[in-house]
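This report refers to the structure that appears directly beneath it.
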Amino acid sequence: DYLGLEDVVLVGHSMGGYVVYEYVRQFGCGKIKKLIIIDMSPKITCDSKWRFGAFGCYDEKSLLQDIALMSCDFSKFLAEFYRKIFRGCSDGNEDTADVFAPDLENGTRTRPLISLWQSMFTLDYREVIASISVPVAYIHPQDSIYPAGAARFVSDYASAPVKIIEYPGCTHMSPVEKPIETAKDIMAFIDEKQ
């Protein structure tokens with residue numbers, strides 16, 4: 001409002017996808033032209049009725065185990081998490097924790113991150129999807145941490161057209177693995193006439 005922006009395109013990858021969902025929840029799509037979600041389920045935690053969350057099986061028990069690990073060794077947690085979501089982190093790379101979580105041994109720095117993780121994994125944006133009234137592109141990597149059903153759910157329940165863009169041979173980190181292709185696909189979707 002302050003900048004007088006209209007026809008804004010919001011792009012969110014992973015947690016950024018949740019920022020997009022939250023924006024729609026709070027403000028609707030009135031000033032939005034298009035949305036682009038890169039590999040983010042509207043609900044991360046699985047339960048008996050929802051199997052399209054993280055890894056198709058990440059449940060409340062998994063969340064509590066991860067919070068316990070974060071509390072005692074956040075660097076180890078992050079290293080293990082990145083090994084699961086990004087092919088570039090091999091199990092034999094002992095420096096992974098230093099690359100992705102440098103200087104996180106101080107508890108005052110990790111507590112907000114643990115709270116963020118817990119909050120993010122308890123949110124549920126499935127009802128928000130129905131209020132999406134602008135075109136959406138959902139980029140879904142082949143080796144996503146989310147089952148393809150998450151993309152189909154967005155496509156089936158949004159009030160506007162959803163284009164699912166598959167990325168063969170990519171992980172959750174597809175924007176890092178294929179930055180040029182990702183940028184081209186985003187620009188092509190923005191330029192598409194609806």
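The values are calculated or read from the model by the stated rules, or taken from the named source; none is laboratory data. Predicted, not measured: the structure shown is a model, and the values here were computed from it. Cβ sites come from the backbone with ideal geometry, for glycine too, and all protein chains shown count toward neighbours. All accessible areas refer to the heavy atoms of the entire protein, side chains included, with ligands and DNA or RNA removed. Shrake-Rupley method; radii C 1.70, N 1.55, O 1.52, S 1.80 Å.
Here Cys72 sits with roughly 100 square angstrom of accessible surface, probe radius 1.4 Å. For the residues His13, His172, a 1.4 Å probe over the protein chains yields an accessible-area ranking, largest first, of His13, His172. Quick check: at a probe of 1.4 Å, how many percent of the accessible area of the chain sits on carbon and sulfur atoms? In the chain, the share of accessible area belonging to carbon and sulfur is 54 percent. Protection proxy ranking for 160-169, 145-154, 173-182, using the average of other Cβ atoms within 10 Å per residue and placing the highest first: 145-154, 173-182, 160-169.
Once backbone amide H atoms are built at 1.01 Å from N, Val11 has Ile36 as its partners under 5 Å, excluding neighbours fewer than 5 places away on the same chain. Put a dot 7 Å past the Cα of Cys72, heading toward its Cβ, do the same for Arg51, and the two dots end up 3.3 nm apart. Once the Cα-Cα distance is subtracted from the 0.36 nm per residue extended length, the Ala188 to Asp143 segment shows a gain of 13.9 nm. In this structure the amide hydrogen of Phe86, modeled in the peptide plane, comes within under 5 Å of no amide hydrogen from residues 5 or more places off or on another chain. Listed options for Cα Rg over 2.2 N^0.38 Å are (1) 1.06; (2) 1.44; (3) 1.02. The value calculated from this structure is the one marked (1).
Past the 21 angstrom mark, what percentage of all C-alpha to C-alpha distances in segment 119-193 do you count? Counting every Cα pair in segment 119-193, those more than 21 Å apart make up 34 percent.
If R0 is 35 Å, the Cβ-Cβ spacing of Tyr2 and Ser131 corresponds to a FRET efficiency of close to 0.90. What's the angle, to the nearest 10 degrees (0 to 90), between helix 74-85's Cα axis and the longest principal axis of the chain? Helix 74-85 sits roughly 50 degrees off the main axis of the chain. Rolling a 1.4 angstrom probe over the protein heavy atoms with all chains in place gives the chain an accessible area of 54 Å² per residue. Neighbours of Glu192, meaning other residues whose beta-carbon lies under 13 angstrom from its beta-carbon, give a summed charge of +3 when Lys and Arg score +1 and Asp and Glu score -1. A protection proxy built from the mean count of other Cβ atoms within 10 Å ranks the segments 112-123, 16-27, most packed first, as 16-27, 112-123.
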